Amino acid sequence: MQPFSDRAARGPEHMGETMDAFEGPDLDTTQLRAHYGSAIDAYESAARALDRNRVPVAPAAFGAGFTQEGARIAAALDELHEATHDFLAVRTQNWRSIVELSHVVEGADADSAGELGGVSGL
């Protein structure tokens with residue numbers, strides 16, 4: 001018997017067939033948390049280094065007659081700094097969400113195993 005998604009692709013005449021059992025990939029949540037935990041640490045470290053190494057740029061540093069251009073460059077550098085910080089923060093939050101989801105998956109798996117443990121043949 002074909003997997004359900006293959007039957008659906010072949011047309012509606014196959015949609016009434018019984019779906020075979022599906023086994024998803026084995027998810028090692030400990031390894032996943034370690035992997036993304038390292039990524040979180042790296043992004044947080046990068047954000048700290050970005051702040052630590054920030055060089056203030058004064059518009060007047062560009063010399064007499066170039067203050068307006070210096071102000072535009074200083075503003076652009078500030079925007080770049082903030083955009084980089086935002087990127088690092090969003091990526092860090094994405095990794096945290098994956099780690100949190102791994103806890104949810106692990107808990108749901110344990111709950112399901114407990115509930116299904118009494119069913120014969122599993």
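Only a single item in (1) at pLDDT below 95; (2) over 27 Å from residue 98 (Cα atoms); (3) in a helix (DSSP H, G or I) is not met by residue 79, and it is number (1). Assess whether residue 32 counts as being open to solvent by less than 80 Å² (accessible area, probe 1.4 Å), part of a helix (DSSP H, G or I) and under 30 Å from residue 110 (Cβ atoms). Criteria met by residue 32.
Whether any residue in region 48-66 is modelled with pLDDT of 95 or more and within 17 Å of the chain's Cα centre (by Cα) is what I want to check. No; the residues of region 48-66 include none that is modelled with pLDDT of 95 or more and within 17 Å of the chain's Cα centre (by Cα). Of all residues in region 90-99, one or more are at pLDDT 95 or above, more than 23 Å from residue 27 (Cα to Cα) and either open to solvent by 80 Å² or more (accessible area, probe 1.4 Å) or in a helix (DSSP H, G or I) (or both). Going by the structure shown, is residue 72 open to solvent by 50 Å² or more (accessible area, probe 1.4 Å), without any contact (Cβ under 8 Å) to a residue 24 or more places away in the chain and among the basic types (Lys, Arg)? Considered against the rule, which asks whether it is open to solvent by 50 Å² or more (accessible area, probe 1.4 Å), without any contact (Cβ under 8 Å) to a residue 24 or more places away in the chain and among the basic types (Lys, Arg), residue 72 comes out as yes.
Screening residue 54 with (1) out of contact with any Leu (no Cβ under 6 Å at 6 or more places or on another chain); (2) in a helix (DSSP H, G or I) gives one miss only, at (2).
The values are calculated or read from the model by the stated rules, or taken from the named source; none is laboratory data. Everything quoted here is computed from the prediction, not taken from an experiment. Methodologically, a virtual Cβ is constructed for each residue, glycine included, from the backbone with ideal geometry; neighbour enumeration extends over all protein chains shown. The area values use the complete protein model at the heavy-atom level, side chains included, leaving out ligands, DNA and RNA. Shrake-Rupley method; radii C 1.70, N 1.55, O 1.52, S 1.80 Å.
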